[in-house]
1. Out of the residues in segment 310-329 meeting the condition of being modelled with pLDDT of 95 or more and among the aliphatic types (A, V, I, L, M), tell me which one is farthest from Ala217 (Cα to Cα).
2. Quick one: how many residues across segment 42-79 are of a type in the set (A, V, I, L, M) and under 20 Å from the mean Cα position of the chain (by Cα)?
3. Which residues, taken from segment 202-221, are within 26 Å of Glu283 (Cβ to Cβ) and surrounded by fewer than 15 Cβ atoms within 10 Å (Cβ to Cβ)?
4. Would a scan of segment 173-185 turn up a residue that is of a type in the set (S, T, N, Q), under 27 Å from Gly321 (Cα atoms) and modelled with pLDDT of 95 or more?
5. Could you go through segment 285-293 and let me know if any residue there is touching a strand residue (DSSP E or B) at 6+ places or on another chain (Cβ under 6 Å) and assigned to a strand (DSSP E or B).
6. Sort out which residues of segment 213-228 are assigned to a helix (DSSP H, G or I) and over 17 Å from Thr313 (Cβ atoms), and write them in order of number.
7. Residue check: is Val81 closer than 19 Å to Asp149 by Cα and not acidic (Asp, Glu)?
8. When you scan segment 24-41, do you find a residue that is in contact with a Gly (Cβ under 6 Å, 6 or more places away or on another chain), among the charged types (D, E, K, R) and assigned to a strand (DSSP E or B), even just one?
Amino acid sequence: MATDPFAVAKEYFYRYAAPLELEKRYPRRDILEHLTTPDRSIEFRLTFQRDDDSNCVCQAYRVQFNDDRGPYKGGIRFHPVVDLAETKALAFWMYLKTAVVEIPFGGAKGGVAVDYQSLSLPEKERLTKRYAVVLLNDIGSQKDIPAPDVNTSEREMGWILDVWRMIHGLYDRAVVTGKPISIGGSQGRREATGRGVVITVAEAAKELGLRLDQASAAVQGFGNVGSVAASLLQQCGVQVRAVSDVGGGVMNEKGLDIPRLVEHVKSGQGVSSFPGGQAISREAVLSAKVDILVPAALEHAIMAENAPAIQATLIAEGANGPVGPDAMDILNEKGVTIIPDILCNAGGVTVSYFEWVQNRQEFYWPLERVNAELEQVMLRAYHAVSDLARREKVTLREAAYRIAITRVAEAAARRGVQ
C-alpha cells in the first residue's frame with residue numbers, strides 16, 4: 001500500500017475511475033494521465049529575515065493541478081512537514097472537491113516547510129509576504145486564488161492582498177479569499193468548512209436513522225474546522241464527549257461545554273487542561289465510544305493500525321485525507337459510513353467562491369444569505385452523491401469520486417487539445 005500522500009491520492013482516483021471506463025469514453029485522449037498529472041509544480045527556496053537579523057531558509061511550494069473547470073483554487077499551509085508530495089495530493093483533492101460541489105474552480109495548493117508557530121509576528125509577516133512576492137506572477141483572480149489552510153488565516157490573506165496591491169498598483173480583492181471582512185472578506189467564511197461538515201452530518205444521520213439530539217460525537221483537531229464543527233454539533237443537540245488538539249485530548253462522558261472550551265483554547269491553553277473534563281491522549285479521542293467521529297486535523301489520522309479500534313458508526317472527514325485506503329477498507333467492512341473529504345469539508349471552498357463572486361461585483365451579502373447559499377450547495381452535492389451511492393450500491397466516497405471525475409473529464413474533453 002502506498003504511503004506517499006500523492007501516491008495514495010492517485011490510488012483512490014484509479015480505484016474509483018476504473019468503472020467509468022474513461023479511456024473508452026474519450027479514446028486517444030490519454031485522459032487518465034491528464035487528470036492525474038499536475039499542470040505545474042513550483043518548488044523554490046524561500047529566505048526571510050529573522051528578528052535577530054539572521055536569515056531563515058525554507059522549502060516552499062505551489063502546485064497548480066488542474067484548471068479544466070476554472071481558475072486554480074487552494075489554500076496555503078505553513079507547517080514543518082509540508083513537502084511536494086503532500087502539496088500535490090492536496091491540490092489533486094481540491095480540484096475533485098470543487099467538481100463535487102460544482103463550483104467553477106480547479107485545484108491548487110501551496111505551503112512552506114517551517115515551524116510557523118515558533119515565529120514572531122513580524123517574522124510571520126515577512127515570510128508570508130516573501131512567499132507572495134515570489135509567486136506574484138503565478139497567482140491572480142483569474143489564474144490562481146489562494147486561501148487559508150493549516151496555520152494560516154485571514155491575517156495572512158490580508159498580507160498577500162497588500163503585496164499584490166503594492167506591486168501591481170491594483171486593488172483586486174478577488175486575488176485571495178478568506179480575507180478580513182474589513183478588506184473584502186465574506187461573512188461566514190471562517191465558519192464555512194465546519195458548517196459544511198455539520199450540514200452533511202445532519203443529512204447522513206437522517207439516512208442512518210440517527211437522531212442528532214440523541215447522538216454523541218468526538219472531534220479530532222480543535223482548530224478552526226474542528227471547533228466550529230463541535231460548536232454547531234452541540235447546537236444541534238449532539239453530546240460532544242471528546243476533542244483533541246496537537247497537545248492531547250479531553251473527555252467528558254456527559255458532554256463537554258464547548259463554548260467554555262473554545263474560550264479556554266482562545267486563552268492560549270490546550271484542550272487537555274480544560275477543567276470541564278478528563279485529560280486523555282489524542283489517540284483515545286479517535287477510539288471514543290461515540291456515534292459520530294469528526295477527524296479534523298491532518299492527513300492519515302486513521303490508518304490500518306488504529307481503524308479496528310474506531311467505535312463510531314459515522315465518520316465525517318473534516319480534514320483532507322484523514323482515512324488511509326487500508327483503514328477505509330477495514331471501516332467499510334465494519335459498516336461504518338464515511339462522508340468523504342471532497343464532499344464533507346467543501347464548505348470552505350464554497351464560501352471562498354461566494355467571496356470571489358462578491359469581490360468581483362463589489363456587492364456584499366449578509367451572513368444569512370451566505371449560510372443559506374452554502375446550505376443549498378452542500379445539500380445538492382450531498383444528495384447527488386448519496387443518490388448515486390444508493391443506486392450503484394457503492395460507498396459515498398466512490399460516488400463522490402465518480403461524480404467529480406466525470407465532470408472534470410467532460411470539461412477536459414470539451415476544451416480540446418491543450
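1. So, considering only residues that are modelled with pLDDT of 95 or more and among the aliphatic types (A, V, I, L, M), the one farthest from Ala217 (Cα to Cα) is Ile310.
2. Taking segment 42-79 and keeping what is of a type in the set (A, V, I, L, M), we get 42, 46, 57, 60, 63, 76.
Applying the additional criterion that residues be under 20 Å from the mean Cα position of the chain (by Cα) yields 60, 63, 76.
Of the residues in that region, 3 qualify.
3. Leu208
4. Yes, segment 173-185 contains a residue that is of a type in the set (S, T, N, Q), under 27 Å from Gly321 (Cα atoms) and modelled with pLDDT of 95 or more.
5. Checking segment 285-293: at least one residue is touching a strand residue (DSSP E or B) at 6+ places or on another chain (Cβ under 6 Å) and assigned to a strand (DSSP E or B).
6. The first filter runs over segment 213-228 and keeps only residues assigned to a helix (DSSP H, G or I), leaving 213-214, 224-228.
Result: Asn224, Val225, Gly226, Ser227, Val228.
7. yes
8. no
The values are calculated or read from the model by the stated rules, or taken from the named source; none is laboratory data. Remember, it's a predicted structure, so these values are computed and weren't measured experimentally. As a convention, Cβ positions derive from the backbone with ideal geometry for all residues, glycine included, and neighbour counts pool all protein chains shown.
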